1. Among Asp29, Asp43, which is the only one that is without any contact (Cβ under 8 Å) to a residue 60 or more places away in the chain, open to solvent by 30 Å² or more (accessible area, probe 1.4 Å) and touching a helix residue (DSSP H, G or I) at 6+ places or on another chain (Cβ under 8 Å)?
2. Can you confirm whether the stretch 32-39 contains a residue that is within 14 Å of Ala6 (Cα to Cα) and modelled with pLDDT of 90 or more?
Amino acid sequence: MEKLIADLKVQIIEQLNLQDITPADIGDDEALFGEGLGIDSLDVLELIVLLKQKYKVKLANAEEGPKVFRSVKTMAEFITENQPENV
């Protein structure tokens, strides 16, 4: 799980083109929205694409979004629980 969280931090920075932010700047449980990392709904769309392309997982419905994208840790938990075995 720790490696997945570390990988996600790098991928989030790359996917969202976050300048002046390093993986060390992002706490595992830090909020991604609002006062945390400050991502918005357009950023979430990019993260949904990342999850689908890189990890072969997708949200079943829009109601899952706030729970899945609460923090890097919740994203990692979602991937671990939903990723196909052969990926």
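The values are calculated or read from the model by the stated rules, or taken from the named source; none is laboratory data. What you see is a predicted model, and the numbers here were worked out from it, not measured in a lab. Glycine gets a Cβ as well: all are built from the backbone with ideal geometry, and neighbour counts include every protein chain shown. Heavy atoms of the whole protein, side chains included, go into the accessibility calculation; ligands, DNA and RNA do not. Shrake-Rupley method; radii C 1.70, N 1.55, O 1.52, S 1.80 Å.
1. Working: Asp43 fails: touching a helix residue (DSSP H, G or I) at 6+ places or on another chain (Cβ under 8 Å).
Every option except Asp29 fails the conditions.
2. The initial filter retains those residues of the stretch 32-39 that are within 14 Å of Ala6 (Cα to Cα), namely none.
No, the stretch 32-39 has no match at all.
To keep it simple, each residue is scored yes or no on (1) among the hydroxyl-bearing types (Ser, Thr, Tyr); (2) part of a loop (DSSP other than H, G, I, E, B); (3) out of contact with any Leu (no Cβ under 9 Å at 6 or more places or on another chain).
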| residue | (1), (2), (3) |
| --- | --- |
| Asp7 | no, no, yes |
| Val10 | no, no, yes |
| Ile21 | no, yes, no |
| Ala24 | no, no, yes |
| Asp29 | no, yes, yes |
| Leu45 | no, no, yes |
| Lys67 | no, no, yes |
